[in-house]
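Scroll down for the structure; my scribbles are underneath it.
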Amino acid sequence: MATIQLQGVSRRFGETAAVSDVSLETDRNEFLVLLGPSGCGKTTLLRMIAGLLPPSEGRILVDGKDVTALPPRERDLAMVFQNYALYPHLTVDRNLGFGLSVRRIPKEELRRRVNEVAELLDLGPLLRRRPKELSGGQRQRVALGRAMVRDPKAFLMDEPLSNLDAKLRSSTRTRLISLHRRLDTTFVYVTHDQIDAMTMATKVAVLNGGRIEQLGTPVEIYDEPASAFVAGFMGAPPMNLIPAELGTDADARLVLRAPGVEIPLPRTAGRDPGVREVLLGIRPEHLTPVAADHTGPALRGRVDIVENLGSEEIADCEIGDLRVSVRGARPIGLNPGDTATLAVRPDLVHLFSRQSGRRLEWLPEPENADSVLVS
Ligand SMILES: Nc1ncnc2c1ncn2[C@@H]1O[C@H](COP(=O)(O)OP(=O)(O)OP(=O)(O)O)[C@@H](O)[C@H]1O
Ligand SMILES: [Mg+2]
C-alpha cells in the first residue's frame, strides 16, 4: 500500500494548460477518483503519476519519496489504460500472466494468481482465446486482470469500465470495491462517470479545466458541492440551478426571490446582506409535487416530459424560461401538459455566488443565533 502526494503539479502542451497546480495527498488504502468532463486533464494527471509524462512543474511523491524523475518501471505502479493494449498474439491466459513471467515469478505462484484473477473477473471460459476473438468489454476485463495479477504499490486506472454494458459495469464495480478492500492497495481511478465516483471512491477530486474544483468524500461532494460546477456535474439529472436574489423581508429574515417564488430561509440576517445575486440550487429529489393550493414555498410551471426509469420517474418541467428536473418514486404524479406545483424545502436548498460560482456558506455569529453568508 502506498501514499501518493502531488505537490503543485502542472502540465502544459504548448498553449494548453492541461493540468494546473494540482496538489493532493492520498490516505493509506485510498480509492481516489479523478472525476471531470472530457478534456479536464484526468488522463494527463494519471500519466504523470505513472511516469509516462513529465510534469512542467511540481513534484510527485510515492510513500514520501520523490519519484518525479523516475521512469515508470521504478515506480511500481500498475496502470490500466483508457485504450487497453493487449498482446494480440498471446492468449488471454498468457496476457494475464505476462507481467509476472517477465518478473520471473515462480510458475505455481503465477498460475495461482492468474486463476484467482480469472475467477474474480469471470475470464475462466476465455483463457484460451486471443484478443481479436473477444468483445470490447471482454478485452477491457483482460486489461484490468493483467494489472490485477501484479502486486503493485498502487493501481492507476483510466476509465477501465467505459466499454462495459450497464450490467457488467455494475458487477465489475462491485468486484473492484471488494478487490480494493481485500488487497489493501491504493487506487487512483479516472472517470467521467459520477456513479463510478459515488459507489467506489473513498475520496473524489473533481477537476475542471485542469484544476481541482473540490476534493472530498463522495457524500461531501454530493451534499455540499463547493461550486455550481460540481453541483451541476454530480447527480443524474444534476442539481437544478435557478438564478435568484437573496434579500431580507420586513422582519429581517432572509428570503430568496426567484421569478414567481419566495423562499423564506430558516435564518435571520446577522448583518444586512443587501441584495445578492445568487444561484439557488435544488436537487431534483428535493422537489415534491403537491396540490395547487399548497401554501408553502413552491415553484409553479408546466410538465413537459416524464421519463420512466422503472422504480423512479424524472419529470422535466418548464418554470418560466427555466427548466427544472424533479425526481421521485414512480408514479411521481405528474403528466406531460399538467400544471405542476413543486414544493421546496428551504432547509435543503444550496446557494452559490452568481459571480464566482462558489458555494455560499453560513457562518454562525458567536454572539447571537444569527448568521452571515460567506463565499
Ligand atoms: N499530447 C498532447 N498534446 C497536446 N495536447 C494534449 C495532449 N494530451 C492532452 N492534451 C490536451 O490536454 C487537455 C487534457 O487532456 P486529457 O486527455 O488529460 O483529458 P481527459 O480529462 O482525460 O479527457 P477524456 O475524458 O476525454 O479522456 C485537453 O485539452 C487535451 O486536448
Ligand atoms: Mg482521458
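The values are calculated or read from the model by the stated rules, or taken from the named source; none is laboratory data. Worth saying up front: this structure is predicted, and the values here are computed from it rather than measured. For neighbour counting, all protein chains shown are included, and Cβ atoms are generated from backbone atoms with ideal geometry for every residue, glycine included.
Could you please give the count of residues in region 1-20 that are surrounded by fewer than 20 Cβ atoms within 10 Å (Cβ to Cβ) and hydrophobic (A, V, I, L, M, F, W, C)?
3
Can you report the number of residues in region 43-63 which are away from ligand 2 (no atom under 16 Å from the Cβ) and in contact (Cβ under 8 Å) with a residue 60 or more places away in the chain?
Of the residues in region 43-63, 2 are away from ligand 2 (no atom under 16 Å from the Cβ) and in contact (Cβ under 8 Å) with a residue 60 or more places away in the chain.
Can you tell me which of (1) free of Cβ contacts under 8 Å to residues at least 40 places away in the same chain; (2) touching a Leu at 6+ places or on another chain (Cβ under 8 Å); (3) under 21 Å from A231 (Cα atoms) is the one V303 doesn't meet?
(3)
It is to be established whether one or more residues within region 64-84 are within 16 Å of ligand 2 (Cβ to nearest atom), in contact with a helix residue (DSSP H, G or I) (Cβ under 8 Å, 6 or more places away or on another chain) and more than 17 Å from G145 (Cα to Cα).
No, the conditions are met nowhere in region 64-84.
If we scan region 61-80, do we find a residue that is within 21 Å of the chain's Cα centre (by Cα) and within 16 Å of ligand 1 (Cβ to nearest atom)?
Yes: region 61-80 contains one or more residues that are within 21 Å of the chain's Cα centre (by Cα) and within 16 Å of ligand 1 (Cβ to nearest atom).
Only strands (runs of 3 or more DSSP E) wholly contained in region 1-77 count here; list those with 3 or more residues that are hydroxyl-bearing (S, T, Y).
16-25
Listed residues R128, R103; which is assigned by TED's automatic domain parsing to the domain that holds Q194 and either within 16 Å of ligand 1 (Cβ to nearest atom) or at pLDDT below 90 (or both)?
Step by step, each of R128, R103 is checked, and only R103 is assigned by TED's automatic domain parsing to the domain that holds Q194 and either within 16 Å of ligand 1 (Cβ to nearest atom) or at pLDDT below 90 (or both).
Would you mind telling me which numbered condition in (1) touching a Gly at 6+ places or on another chain (Cβ under 7 Å); (2) away from ligand 1 (no atom under 16 Å from the Cβ); (3) in contact (Cβ under 8 Å) with a residue 40 or more places away in the chain C40 fails?
Going through the list (1) touching a Gly at 6+ places or on another chain (Cβ under 7 Å); (2) away from ligand 1 (no atom under 16 Å from the Cβ); (3) in contact (Cβ under 8 Å) with a residue 40 or more places away in the chain, C40 breaks only (2).
A quick yes/no check of all residues on (1) of a type outside the set (D, E, K, R); (2) away from ligand 1 (no atom under 16 Å from the Cβ); (3) in contact with a Gly (Cβ under 8 Å, 6 or more places away or on another chain):
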| site | (1), (2), (3) |
| --- | --- |
| G136 | yes, yes, no |
| G145 | yes, yes, no |
| M148 | yes, yes, no |
| P152 | yes, yes, no |
| D158 | no, no, no |
| S162 | yes, no, no |
| L168 | yes, yes, yes |
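Yes or no: G51 under 23 Å from A147 (Cα atoms) and either outside the structural domain of H192 (by TED's automatic domain parsing) or within 16 Å of ligand 1 (Cβ to nearest atom) (or both)?
Yes, satisfied.
If you take the residues of region 164-213 that are assigned to a helix (DSSP H, G or I) and within 16 Å of ligand 2 (Cβ to nearest atom), which of them is farthest from F31 (Cα to Cα)?
Q194
Filter region 322-347 for residues that are over 28 Å from P266 (Cα atoms) and touching a Pro at 6+ places or on another chain (Cβ under 8 Å) and give the result.
Of everything in region 322-347, those that are over 28 Å from P266 (Cα atoms) and touching a Pro at 6+ places or on another chain (Cβ under 8 Å) turn out to be G333, L334.
Got a number for residues in region 223-241 being farther than 13 Å from S356 by Cβ and outside any helix (DSSP H, G or I)?
Of the residues in that region, 10 qualify.
Filter region 5-37 down to residues that are within 15 Å of L207 (Cα to Cα) and touching an Asp or Glu at 6+ places or on another chain (Cβ under 6 Å) and give me whichever is farthest from ligand 1 (Cβ to nearest atom).
Within region 5-37, the match that is farthest from ligand 1 (Cβ to nearest atom) is G8.
Of the conditions (1) modelled with pLDDT of 95 or more; (2) out of contact with any Leu (no Cβ under 8 Å at 6 or more places or on another chain); (3) surrounded by 15 or more Cβ atoms within 10 Å (Cβ to Cβ), S311 fails just one. Which one is it?
Against the list (1) modelled with pLDDT of 95 or more; (2) out of contact with any Leu (no Cβ under 8 Å at 6 or more places or on another chain); (3) surrounded by 15 or more Cβ atoms within 10 Å (Cβ to Cβ), S311 comes up short only on (3).
Go through region 85-113 and give me each residue that's assigned to a loop (DSSP other than H, G, I, E, B), under 24 Å from R141 (Cβ atoms) and free of Cβ contacts under 8 Å to residues at least 60 places away in the same chain.
Scanning region 85-113 gives A85, Y87, P88, H89, L90, T91, V102, R103, I105.
Of the numbered conditions (1) surrounded by 14 or more Cβ atoms within 10 Å (Cβ to Cβ); (2) farther than 23 Å from I195 by Cβ; (3) in contact with an Asp or Glu (Cβ under 9 Å, 6 or more places away or on another chain), T91 fails exactly one; give the number of that condition.
(3)
Tell me which residues, restricted to region 214-231, are over 14 Å from L32 (Cα atoms) and in contact (Cβ under 8 Å) with a residue 40 or more places away in the chain.
E224, P225, A226, S227, A228, F229, A231
Would you confirm, using the coordinates I've provided, whether L215 is out of contact with any His (no Cβ under 7 Å at 6 or more places or on another chain) and closer than 22 Å to F81 by Cβ?
no
Would you check which residues across region 114-142 are among the hydrophobic types (A, V, I, L, M, F, W, C) and assigned to a helix (DSSP H, G or I) and list them?
V114, V117, A118, L120, L126, V142
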